[in-house]
Amino acid sequence: MPPAILIFGLGYVGQHLGRSLLIEGWQVKGTTRTQKQANILTEQGFEVIVWGGSLPFPSHILENVTHILVAIPPDEEGDIVLRCLKTLPSSVNWLGYLSATSVYGNHHGAWVTETTSLLPISERGRQRQLAETQWLDKKNHEPFFPIHIFRLSGIYGPGRSVLESIKLGNSQRLDKPGHVFSRVHIDDIVTVLKVSILNPHPGEIYNVADDEPASTADVIAYGCQLLGCDVPPLIAFGDATVSLMLQEFYAEHKRVSNEKIKASLGIKLTYPTYREGLKHC
């Protein structure tokens, strides 16, 4: 039988990984919250079940599964899947959990590695940290539990980049001097996950980011250059009207190191900076 992966949460990352594995002959199962989306994904070759993340858990979808990816955001009690997944089939030899670099919080522009202290300041960051702790506790109690944690930076790719907001005319170039963010192209995320699947190291944590943290203002300016349109003026961050989510976003300032995925997994990024990534988009 071909290898079979179960992806909890067939969103942007889950779909891209799943399509890549389908091409390679994998069986790809997954969950989504609506029947409408399930119908669309079924037509693309996925085996889909509608599941909202609560009990009862559809345990039958674990049959013959060799790999699991958890891509559902946690809630205030931690990881949703772990609460429902009481036992793991012995056939599963790799389990990946998609976390986020928001677990680091604000490090005032310093580089963060997988061993840097976690100081989340947003509710989402605190929930991610709790979920990570729960998965790693599971590993501590079950030595062969195959958990791998991936701390993703800002995800972008086709259909999900600054190019879309530029085309709609609603992009803002906020000016907060010296402030940068780390990001990563969806194709490089898929590469990291697939290499980890082939080289499992249970209990490991990986930052997933490109080589060049940059300000969103610079990224938007480059996107405008690619599209041949005018660059929006800079707006002082303190003068802009921004959402609570954006306020939390800008309250964190760190540079995310990707040295571990290069050294441990041998990753060579296809899109090492936003320039190559946006050209592809």
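Taking θ as phi - 60° and the Karplus parameters 6.51, -1.76 and 1.60, the scalar couplings of the stretch 71-86 work out to 10, 9, x, x, 10, 5, 9, x, 7, 5, 5, 4, 5, 9, 8, 5 Hz in sequence order, x denoting glycine and proline.
Relative to the present Cα-Cα distance, how much length would full extension add between Asn106 and Leu119 at 0.36 nm per residue of separation? Each step should come with its number before you reach the end.
Values: separation 13, 0.36 × 13 = 4.68 nm, distance 0.70 nm.
Roughly 4.0 nm would be gained on extension.
With respect to the chain, whose longest principal axis is taken over its alpha-carbon atoms, helix 123-141 is tilted by about 30°. For the stretch 197-281, the ratio of Cα radius of gyration to the globular rule of thumb 2.2 N^0.38 Å stands at 1.41. Cβ-Cβ distance of Lys176 and Gln35, R₀ of 51 Å, FRET efficiency by 1/(1 + (r/R0)^6): the value works out to about 0.75. What net charge do the residues around Glu212 carry, taking every other residue with its C-beta under 11 Å from that of Glu212, with Lys and Arg at +1 and Asp and Glu at -1? Summing Lys and Arg as +1 and Asp and Glu as -1 gives -1. Phe237 sits among other residues whose Cβ lies under 10 Å from its own Cβ, and their net charge, with Lys and Arg +1 and Asp and Glu -1, is -1.
Only helical runs count toward this figure. For the chain, summing -39,500 (n - 2.57) over DSSP H runs of n ≥ 4 and dividing by all residues gives -10500 deg cm²/dmol at 222 nm. Test of understanding: in a Gaussian network model of the chain with alpha carbons linked when under 10 Å, which of Gln127, Gln172, Gln225 would top the mean-square fluctuation ranking? In the Gaussian network model the winner is Gln225.
Local charge for Ser196 was computed over the other residues whose Cβ lies under 12 Å away, with Lys and Arg +1 and Asp and Glu -1, and equals +1.
For Ile7, Ile61, the sequence from fewest to most other C-beta atoms within 10 Å is Ile61, Ile7. Where a Cα-Cα gap under 22 Å defines reach, which lysines qualify for Lys167, not counting those fewer than 8 residues away within the same chain? The reachable lysines, counting only those whose Cα sits under 22 Å from Lys167, are Lys279.
Determine which residues of the stretch 22-57 fall in the zone a paramagnetic label at Met1 would reach in this model, i.e. backbone nitrogen under 15 Å from the point 7 Å along Cα→Cβ. Taking a point 7 Å out along Cα→Cβ of Met1, the residues of the stretch 22-57 whose backbone N falls under 15 Å are 26-30, 47.
Distance between the modelled labels on Thr87 and Glu248, one decimal in nanometres: 3.7 nm (7 Å Cα→Cβ projection). The structure-derived value of Cα Rg over 2.2 N^0.38 Å appears in the list (i) 0.95; (ii) 1.02; (iii) 1.33 under the label (ii). Ordering His185, His179, His141 by the number of other Cβ atoms within 10 Å of each residue's own Cβ, fewest first, gives His141, His179, His185. Residues Lys167, Lys138, Lys86 in ascending order of nearby Cβ atoms (within 10 Å, fewest first): Lys86, Lys167, Lys138. Between Phe57 and Phe144, the simple spin-label model (points 7 angstrom out along Cα→Cβ) gives 1.9 nm. Each residue of the stretch 62-68 is assigned a 3J(HN,Hα), and the resulting list reads 7, 4, 6, 6, 10, 9, 9 Hz, derived from the Karplus form 6.51 cos²θ - 1.76 cosθ + 1.60 (θ = phi - 60°), x at Gly and Pro.
Any read-out appearing in this document is the output of simple, stated calculations on the displayed coordinates, not a laboratory observation. Everything numeric here is computed off the predicted structure, so don't read it as measured data. Every residue, glycine among them, receives a Cβ derived from its backbone with ideal geometry; neighbour counts consider all protein chains shown.
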